[in-house]
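What follows is a single structure, written as structure tokens, with notes after it.
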There are 2 protein chains.
Amino acid sequence: MAKKEDISSSVIKRLPRYYRFIGELIEQGNLKISSADLAERMSLTASQIRQDLNCFGGFGQQGYGYNLPELREEIGRILGVDRERRAILIGAGNLGKAIATHMQFEKYGMRLCGIFDSDPVKAGSIAAEMPIRPMTELDGFIAENKPEIAILCIPKAAAGDIAEKLAVSGIKAFWNFSHYDMRQIEKKYSGIIIVNVHLGDSLMTLAYGLNHMPSEINGSACR
Amino acid sequence: MAKKEDISSSVIKRLPRYYRFIGELIEQGNLKISSADLAERMSLTASQIRQDLNCFGGFGQQGYGYNLPELREEIGRILGVDRERRAILIGAGNLGKAIATHMQFEKYGMRLCGIFDSDPVKAGSIAAEMPIRPMTELDGFIAENKPEIAILCIPKAAAGDIAEKLAVSGIKAFWNFSHYDMRQIEKKYSGIIIVNVHLGDSLMTLAYGLNHMPSEINGSACR
């Protein structure tokens, strides 16, 4: 099947959602689905689905639908979740420990291999079945284990210096839960991947929803 | 100043980000900013900024820039973060406890007033300076305290039944960290606000970034 790696950013944004929905369908025992059914489940149009999935080389057959396991494997390959990239987590506070224990990193092509905290009281205890290490061990650990990903669960004030240090040490991607604006790092170290998680923005969306009736949300005086 | 409440969904999506950036600028001691400066910081165009901020009744003056405290207050009012809506959190596992302690709910117009867990061992202990309550107390607590928001930090298998029970009890908005697909609840109880947090989708975006060079990301064979 012809595969096009040259996929637009709008399709890329939808990839994780496709991967998740298709995974759920397979878990429920489905092996195929029509574009109309998948569209309904994902609140997209069938034509949008057909157009998007054509980017991954097809997998749809007229009158048969999409082969779900094949499609999932292909999207997973494009996403890179079939790899085992090493990740470290910095900041073993409440959120950091929760991320370390809650996320099934192997599902996303990653393995958490180290957790670090600047607090000497925390360092030495255990999270996600591994020791929390002091920051003094960070350089040596990176040199030895060559992680590619750093998960930042540290306060904004500390994030700039640590992110810079990590970028210099060879970290290629940041999953940033701190409120630190990573654009400086992004500009300085070209090719660095940054994905921010702004839980506050998400909560504000909820606040907005409660504060407005649906009829107002669909208004369109300003576009 | 003329204010238009009739704001398009694309502007609404940017509101939390505006609110966050403007808040940071004020924290740094700024009282005004030009649309060009704000655009640069937010990676938008100046004309986009002007168009968006006009939706909130102006606050910009030729040759002066935007009055940041006024603009922040107005966006906050539209977002509804100037309220004190009551929220409960269901599921005091690692993630639930981290959300309870980490989020500064009052910044988003909310107050966490109760935490519940089905595990009798957890119920009775303390998180975010409040007791974790058993699920048997949920109905009485809701009747007495009338929370509007439920934060779901429970496994997918339990989420459907609990979300249904909460919707029946009068919960108006869900902040959903479970992997449960809330569309059934959304369809059944019209007017319910649902905001999902898919941390896995965010992590897959990072995986994709690592798996592809920037030049490939900008490709556009499929739109």
Filter result (β-branched (Val, Ile, Thr) and under 30 Å from B:Ser190 (Cα atoms)) within region A:183-213: A:Val197, A:Thr205
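A quick yes/no check of all residues on (1) at the interface with chain A (Cβ under 8 Å from one of its Cβ atoms); (2) under 21 Å from the mean Cα position of the chain (by Cα):
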{"position": "B:Leu112", "(1), (2)": "no, yes"}
{"position": "B:Glu129", "(1), (2)": "no, no"}
{"position": "B:Leu138", "(1), (2)": "no, no"}
{"position": "B:Ile142", "(1), (2)": "no, no"}
{"position": "B:Glu148", "(1), (2)": "yes, yes"}
{"position": "B:Val197", "(1), (2)": "yes, yes"}
Entirely in region B:5-122, the strands (runs of 3 or more DSSP E) that have 3 or more residues that are in contact (Cβ under 8 Å) with a residue 60 or more places away in the chain: B:85-90
Can you tell me which condition A:Ile217 does not meet? The list is (1) at pLDDT below 95; (2) assigned by TED's automatic domain parsing to the domain that holds A:Lys97; (3) farther than 26 Å from B:Tyr208 by Cα, and all the others hold. (2)
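Pick from B:Glu148, B:Glu137, B:Glu129, B:Glu40: which is of a type in the set (D, E, K, R) and farther than 30 Å from B:His179 by Cβ?
Result of the check over B:Glu148, B:Glu137, B:Glu129, B:Glu40: B:Glu40.
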When you scan region A:168-191, do you find a residue that is away from chain B (no Cβ under 12 Å), in a helix (DSSP H, G or I) and among the acidic types (Asp, Glu), even just one? no
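The values are calculated or read from the model by the stated rules, or taken from the named source; none is laboratory data. Here the structure is a predicted model, which is why all the values come from computation and not from measurement. Backbone-built Cβ (ideal geometry, glycine too); neighbour counts: all protein chains shown.
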